[in-house]
1. Tell me whether the stretch 282-294 contains one or more residues that are outside any loop (DSSP other than H, G, I, E, B) and within 30 Å of Glu138 (Cβ to Cβ).
2. Looking at the stretch 133-149, I want the residues that are more than 28 Å from Phe111 (Cα to Cα) and have a partner that is assigned to a helix (DSSP H, G or I) and among the charged types (D, E, K, R) with Cβ atoms under 7 Å, at least 6 apart or on another chain. Which pairs are those?
3. Could you list, in sequence order, all residues of the stretch 227-258 that are open to solvent by less than 10 Å² (accessible area, probe 1.4 Å), part of a helix (DSSP H, G or I) and of a type in the set (Gly, Ala, Ser)?
4. Scan the stretch 96-131 for residues that are outside any helix (DSSP H, G or I) and at pLDDT 85 or above and jot them down.
5. With respect to the numbered conditions (1) under 16 Å from Ile199 (Cβ atoms); (2) at pLDDT 95 or above, which one is the sole condition not fulfilled by Lys238?
6. Might you check whether a residue that is surrounded by 17 or more Cβ atoms within 10 Å (Cβ to Cβ), on the phi > 0 side of the Ramachandran plot and either touching a Phe, Trp or Tyr at 6+ places or on another chain (Cβ under 6 Å) or not charged (D, E, K, R) (or both) occurs anywhere in the stretch 37-49?
7. Return only the number of the condition from (1) modelled with pLDDT under 90; (2) farther than 19 Å from Leu277 by Cα that Ile212 does not satisfy.
Amino acid sequence: MAIPNFQSIMLPLLQLSSDDKVHYIHDAVKILSKQFELSEEEQTKLLPSGQQPIFYNRVGWARTYLKKAGLLEDPKRGYFQITDRGREVLGTEPTRIDKKFLHQFPEFIEFRKTVRESSNDEVKDEDLEGLTPEEALENAYQNIRRDLSEKLLTYVLNSTPGFFEKLVVELLVKMGYGGSQRDAARAVGQSGDEGIDGIIDEDRLGLDAIYIQAKKWKKPSSIGRPEIQKFAGALQGKRAKKGIFITTTTFSKEAREFASNIDTKVVLIDGSRLTDLMIDFGVGVTTRTKYELKDLDTDYFGETVLEE
């Protein structure tokens, strides 16, 4: 089955704690994953940030919301147990516990006021009903990034061939190839070989060379197998072991299969990956603002904090 959203986890989590024992969050995740019949892939699937499994994150937020409503409490970090209010709620035999259900408790209403400031935020919250706050933040970030990627690709497509060449050089240098910008710029465009647009050092010492082909094509045209074969042939003529084929469009399935089945290492970078790399390495983009997602540093407090 699909990974349940964090609101669907609230009731099972509260029921799990009905034995009045203190439960460890990691153990709860394992028990609930079996209860929801999640596959190994679903249990280990990560958030877009790659920092935490989605299901673990959702169980954690379900616990947080139940705690804010006074149904659970934390005797110590990473653990939880049911409260008297939690037992009373289970006594009513609810069929579902979600944010709407928790709004009957004043503490939860106060908590919700701290995470939204206006009626507009309320509407957005309903649109993202199944997402945890962390997932909603990552979802918004990915939407902004996709929009930026589309804008970048439009500007790249409308640039001159010379500017595109300069862009490719700058990106590769920022990724750690070619030594200095000046050295890399001299290398690109000087080979004169058919199927090769330039050569760049793999590292600052020049221990190995990477051959480059750059094609500024517009969709719906895609790079097919013949173009990759031509590039691979040029690499063999130079006894080159590595090559990068960069384009603003896409590669056909046949082109990708051919590149993956030849001895020469050929990396294919399509328009989508090109703009992703430009964003990651700061080429053609500027930082407007930054948000840092922080967590409690328990090591800082050591043994100075009294348990509840």
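The values are calculated or read from the model by the stated rules, or taken from the named source; none is laboratory data. Computed from a prediction, not measured in an experiment: that's the story for all the values here. Positions of Cβ are backbone-derived with ideal geometry, glycine not excepted, and every protein chain shown enters the neighbour counts. SASA here: full protein model, heavy atoms, side chains in, ligands and nucleic acids out. Shrake-Rupley method; radii C 1.70, N 1.55, O 1.52, S 1.80 Å.
1. So in the stretch 282-294, the residues outside any loop (DSSP other than H, G, I, E, B) come out as none.
No - not one qualifying residue is present in the stretch 282-294.
2. The qualifying pairs are Ser149/Asp276.
3. In the first step, residues of the stretch 227-258 are kept if they are open to solvent by less than 10 Å² (accessible area, probe 1.4 Å); the result is 228, 231-232, 235, 243, 245-249, 255.
This time we only want the ones that are part of a helix (DSSP H, G or I), so: 228, 231-232, 235, 255.
Of everything in the stretch 227-258, those that are open to solvent by less than 10 Å² (accessible area, probe 1.4 Å), part of a helix (DSSP H, G or I) and of a type in the set (Gly, Ala, Ser) turn out to be Ala232, Ala255.
4. Arg96, Ile97, Asp98, His103, Gln104, Phe105
5. (2)
6. no
7. Single failed check for Ile212: (2).
This table checks each residue for (1) touching a Lys or Arg at 6+ places or on another chain (Cβ under 9 Å); (2) part of a helix (DSSP H, G or I).
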position	(1), (2)
Leu14	no, yes
Glu37	no, no
Glu41	no, yes
Ser49	no, no
Phe55	yes, yes
Thr64	no, yes
